[in-house]
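What follows is calculated from the coordinates using simple rules that are stated; it is not laboratory data. Keep in mind that what you see is a predicted model, and the values were worked out from it rather than measured. Methodologically, a virtual Cβ is constructed for each residue, glycine included, from the backbone with ideal geometry; neighbour enumeration extends over all protein chains shown.
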Amino acid sequence: MGLILLMVASSSTWADSLQVLHWWKSTSEHKAVDFLAGKLTQENILWRDAVIPSGSGIGAGIVLKSRVLSGNAPEVAQLNGVLIGEWAELGLLLEFDAVGSVGKWDKILFPSVWSLTQSKGHVVAAPLGIHRINTLFVNRKLFKKYDLALPESWDDFELAAKKLQQAGIIPLAQSSEPWQLATLFETLVLSEAGAGFYNDIFVKKEQSAFFDARFGQALKRFRSLKKWMPTPLQDRSWDELARQFADGGAAMMVMGDWVKAELNAWGLATDVGFACMAVPQTENYHLYDIDTLVMLAGDGSHRAAQERLAQLVLSPAVQVEYNQIKGSVPVLRNPDMSKMDSCARTSWKLFARGGSTQVPSLAHRMATDETSKDAIIAEIYRFFMDDQVTVNDTQRRLGAIARSLKKI
Ligand code: BGC
């Protein structure tokens, strides 16, 4: 009651309020949201939280779409990747070119991030941070206990997995959620075939790529990893799995580096409680996912507050602190790196190399449109969950689907 009164009393002093729709609900995600909300409060703008918990934002995307369609859009939303351009083209996003030009976004942002924030030459999105997807987390305590080498190759991985399983430990934490399976699978495609092929298949959706032997190999590796996962595979959230990993119930986990933030938030220090490595054969790649805020155009009455938020997000101090909490790295070309841990340093430096080092995540919406992504993930899921479905079946089905998918 006291708290409610306090909120009512202080709400009259707010210059404006912004409802922000996002999907961050884990411990570290929550902390990151609190941090941003606190920064906005200092500007006398209230952050009205609209959280739709859903790993990788599937539920949040659905709610956002239905709210926009029913004329009840929030002022701000987390919208990542290819969707930004699609929504901008529909005229749903506020353009805030002045914020971009005053802040010299063209100079301070990585070129690929700068292009992601624009649609038809207008600035329509404020990027928060860059996550690395091809990350293999290793429980150091368990690896030490069983005297195992950190897996630099698939052979190391297999050797360690075998010994761990013999000791009664689940070698690889994994959920049956389709987006989590797809997150693992895309790292395997990259591992098996490199960035050029990855782009042919997931960005260009070339039909021939789906029939390629390298894609078949990635499917085989995917299925062969099943024996190192819990049986039966359950539909668990990524943070539940991270908890199992942290508690020593599972020894390894492949997931975006938001897991690092979660482990840190629970008191496990990077390089001490766990090692953060690249998935074997992907050390030279940065399979990325960029978290981004967009401002919904609405009737324009919140423009000043929305622009202020966009400005704040790109301020050097916010970039450093926010990304430390979230496990991602700054979108800036020249950030303060002094507080970055080894995992963040490696991630930022690799991303900064640009070019073919940067590989857009399929599962996290950076590679292709939503329909194509969903169609591909559905087949990958089907292949993984049903051992009766063969590699050839899946290649054939995806090849057929590829013919009808939108080409960028
Ligand atoms: C987002 C991350 C988030 C993760 C888990 C990813 O798609 O980019 O910010 O922590 O999903 O929900």
## Note on the structure
The distance between the Cα centres of segment 275-298 and segment 105-129, in whole Å, is 15
### Task
Would you calculate a helix-derived [θ] at 222 nm for the chain, using -39,500 (n - 2.57) for each DSSP H run of n ≥ 4 and dividing by the full residue count, to the nearest 500?
-14500 deg cm²/dmol
### Task
Evaluate the relative contact order of segment 157-272 (contact order divided by residue number), counting alpha-carbon pairs under 8 angstrom at least 6 apart; express in whole percent.
38
### Query
Counting pairs of alpha carbon atoms under 8 Å apart in space and at least six apart in sequence, what relative contact order in percent does segment 1-128 give?
22
### Task
Go through segment 132-142 residue by residue and turn each phi into a ³J(HN,Hα) via Karplus (6.51, -1.76, 1.60, θ = phi - 60°); whole Hz please, and just put x for glycine and proline.
9, 8, 7, 10, 10, 8, 10, 6, 5, 4, 5
### Task
Determine the shape class of segment 299-378: with a ≥ b ≥ c the square roots of the Cα gyration tensor eigenvalues, call it rounded for a/c under 1.5, and otherwise prolate if a/b is greater than b/c, oblate otherwise.
oblate
### Task
Mind checking the full-extension length gain between residue 233 and residue 97? Use 0.36 nm per residue of separation minus the Cα-Cα distance, one decimal, nm.
44.2 nm
### Summary
Taking 0.36 nm per residue of separation between residue 396 and residue 271 and subtracting their Cα-Cα distance, the length gained on full extension comes to 40.7 nm
### Task
Please find the FRET efficiency linking residue 162 to residue 301, where r is the Cβ-Cβ separation and R0 is fixed at 41 Å, and quote it to the nearest 0.05.
0.10
### Task
Give the percent of DSSP beta bridges with both residues in the chain that are antiparallel, rounded to the nearest 5.
60
### Summary
Among segment 363-390, those whose backbone N falls under 12 Å of a label point 7 Å along Cα→Cβ from residue 65 are 370-375
### Query
Among all the lysines, which ones have a C-alpha under 18 Å from residue 144's C-alpha, if same-chain residues fewer than 8 places away are not counted?
162, 163
### Summary
Taking only the alpha carbons of the chain, the radius of gyration and the largest Cα-Cα distance, Dmax, both in angstrom, are 21.3, 66
### Query
Relative contact order of the chain: what whole-number percent is it, with Cα pairs under 8 angstrom and at least 6 residues apart?
26
### Query
Over 21 Å between Cα atoms, which of 31/373; 107/204; 104/407; 204/373; 227/373; 65/407 qualify?
31/373; 107/204; 104/407; 227/373; 65/407
### Query
What whole number of Å gives the distance from the Cα centroid of segment 342-408 to the Cα centroid of segment 323-338?
26
### Summary
With a ≥ b ≥ c from the Cα gyration tensor eigenvalues, square-rooted, and the rule rounded for a/c under 1.5, otherwise prolate when a/b > b/c and oblate otherwise, segment 1-148 is oblate
